[in-house]
Amino acid sequence: GSGSTGTDDSERTIAGRVDSQDSTVSDGENADPRCFRQNSVSSVSQSLREWDIPYDELDRGEVIGRGRFGIVYSGNWHGHVAIKELRMDYVNDEKTLEAFKAEVSTFRKTRHENLVLFMGACMKPPRLAIVTSLCKGRTLYTHIHVQKDKFNMSKTIMIAQQISQGMGYLHARGIVHKDLKTKNIFLESGKVVITDFGLFNVTRLCHDTRRGNWLSIPPGWLCYLSPEVMRNLRVAQKQDDGLPFTTYSDVYGFGTVWYELLCGEWPHKGLPPEAIIWQVGRGMKPSLANLQASRDVKDILMACWSYRPDERPEFSTMQANLNKLPKKRLHRSPSHPIHLSRSAES
Ligand code: ADP
Ligand code: MG
């Protein structure tokens, strides 16, 4: 069916519900996944039409922040939303636009309570924007690195579980996040919400990687990159080729998030970027000197950071492993040895 009648509101309400669909069930609704796969990129535009939001309909509010994409605004579109406007400097031809649409189309397929709700996109140049629900809480990055919040073990495990659930769902749908980091994980009254999945290439489209400049490395980004991605950094820049992100490299990134949750800081603390790239690329794991945790906790970390991608656990396994960890609150009593401690910040 074309489903082009009526307002989109009913459908968006459905999209707003917590997902309980089996991911193996076909795409449902209007999209015939076979059509989608068989046809050329122009059919991507076709199937995306129902997600197209006319830019004029958006009531754009304050700037929330700036990232690799461009500017993120809060706004209103049938409720509070986040509007990610892409920099248009390099989205200047049809091919690039179609690539943008193809990337955005992955969003359509995501309905899970631990994933940000995709509401639509503005797809008419020069206004390209992605509209999602507005996350109300703070990012894990803010909790851990700015507020220096300390989570007890049961909360830490609960957060990691929810991240694993959201990520497991994405992977089951064939979507690689490519940019899993604490800045892209919100905590909304105890609920984890993951954002920005599958958009990494869009950000690349918005930047001129051919200018001959050195690859720009945002602070705190390198520590999420797996060895195989790390080794391709320069190559990717020269050839204007995508970095080899996979579900496995996502798991590596999750390991780093797990480390941050446990230690309250990033791995490789104090090392310059060159040293991180060199060490990780050669198979060295970050130092665990600041991590005083039980064996099981460290095992999860080491497995995620395995040098060989296929030795990293899948998120389903991760959930089982996290489940096995003792969830008891940490007590100071000597009968409960401290499972983790954070180094004093300086
Ligand atoms: P980064 O993820 O590297 O911080 P982004 O461009 O994704 O860069 O985000 C820029 C800012 O907008 C950040 O402060 C981020 O927390 C905020 N932000 C992004 N998406 C949302 C959202 N859906 N809801 C609320 N704030 C958001
Ligand atoms: Mg982000």
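Can you pull out every residue in the stretch 92-131 that is more than 15 Å from ligand 1 (Cβ to nearest atom), surrounded by 19 or more Cβ atoms within 10 Å (Cβ to Cβ) and more than 18 Å from the chain's Cα centre (by Cα)?
Hits for the stretch 92-131 are 101, 122, 123.
So which residues in the stretch 279-315 are in contact with a His (Cβ under 9 Å, 6 or more places away or on another chain) and closer than 23 Å to residue 155 by Cα, if there are any at all?
Let us first name the residues in the stretch 279-315 that are in contact with a His (Cβ under 9 Å, 6 or more places away or on another chain), namely 279-280, 286-287, 292-294, 297, 314-315.
Scanning the stretch 279-315 gives 292, 293, 294, 297, 314, 315.
State the number of residues belonging to the stretch 103-155 that are within 22 Å of residue 68 (Cα to Cα), in a loop (DSSP other than H, G, I, E, B) and hydroxyl-bearing (Ser, Thr, Tyr).
1
Could you tell me which numbered condition residue 292 fails, if it satisfies all but one of (1) assigned to a helix (DSSP H, G or I); (2) under 21 Å from residue 145 (Cβ atoms)?
Among (1) assigned to a helix (DSSP H, G or I); (2) under 21 Å from residue 145 (Cβ atoms), residue 292 violates only (1).
Please work out which one of (1) touching a residue at least 12 places away in the same chain (Cβ under 8 Å); (2) of a type in the set (Phe, Trp, Tyr); (3) surrounded by fewer than 20 Cβ atoms within 10 Å (Cβ to Cβ) is the condition residue 254 fails and give its number.
For residue 254, the failing item is (3).
Does the stretch 174-183 contain at least one residue that is within 15 Å of ligand 2 (Cβ to nearest atom), modelled with pLDDT of 95 or more and more than 27 Å from residue 97 (Cα to Cα)? Break it down into steps so the answer makes sense when it comes.
The first filter runs over the stretch 174-183 and keeps only residues within 15 Å of ligand 2 (Cβ to nearest atom), leaving 177-183.
If we keep only those that are modelled with pLDDT of 95 or more as well, we get 180-183.
If we keep only those that are more than 27 Å from residue 97 (Cα to Cα) too, we end up with 182.
Yes, the stretch 174-183 contains at least one residue that is within 15 Å of ligand 2 (Cβ to nearest atom), modelled with pLDDT of 95 or more and more than 27 Å from residue 97 (Cα to Cα).
Please specify each residue of the stretch 152-182 satisfying the condition of being touching a Ser or Thr at 6+ places or on another chain (Cβ under 8 Å), closer than 23 Å to residue 297 by Cβ and basic (Lys, Arg).
Once the filter is applied, which keeps residues that are touching a Ser or Thr at 6+ places or on another chain (Cβ under 8 Å), closer than 23 Å to residue 297 by Cβ and basic (Lys, Arg), the stretch 152-182 yields only 181.
Report, ordered by the first and then the second residue, all pairs with beta carbons closer than 6 Å, sequence separation of six or more or different chains, a first member in the stretch 99-126 that is within 16 Å of residue 86 (Cα to Cα), and a second member that is of a type in the set (Ser, Thr, Tyr) and assigned to a helix (DSSP H, G or I).
That search, which allows pairs on different chains as well, returns 101/45; 122/55.
Take residue 107 and decide whether it is at pLDDT below 95, within 16 Å of ligand 2 (Cβ to nearest atom) and more than 20 Å from residue 79 (Cα to Cα). Steps first, please.
Details: at pLDDT below 95: yes; within 16 Å of ligand 2 (Cβ to nearest atom): yes; more than 20 Å from residue 79 (Cα to Cα): no.
So residue 107 fails the test.
Taking the condition of being part of a strand (DSSP E or B) and without any contact (Cβ under 8 Å) to a residue 60 or more places away in the chain, how many residues in the stretch 85-98 meet it?
Taking the stretch 85-98 and keeping what is part of a strand (DSSP E or B), we get 85-86.
Now drop any that are not without any contact (Cβ under 8 Å) to a residue 60 or more places away in the chain, which leaves 85.
Residues flagged as part of a strand (DSSP E or B) and without any contact (Cβ under 8 Å) to a residue 60 or more places away in the chain within the stretch 85-98 amount to 1.
If you go through the stretch 300-323 one residue at a time, do you hit one that is of a type in the set (Lys, Arg) and either over 14 Å from residue 252 (Cα atoms) or outside any loop (DSSP other than H, G, I, E, B) (or both)?
Narrowing the stretch 300-323 to residues of a type in the set (Lys, Arg): 308, 312.
Narrowing the set further to residues that are either over 14 Å from residue 252 (Cα atoms) or outside any loop (DSSP other than H, G, I, E, B) (or both) leaves none.
No: the stretch 300-323 contains no residue that is of a type in the set (Lys, Arg) and either over 14 Å from residue 252 (Cα atoms) or outside any loop (DSSP other than H, G, I, E, B) (or both).
The values are calculated or read from the model by the stated rules, or taken from the named source; none is laboratory data. None of the values given here were measured: they were computed from a predicted structure. Here the Cβ is made from the backbone with ideal geometry for all residues, glycine too, and neighbour counts use every protein chain on show.
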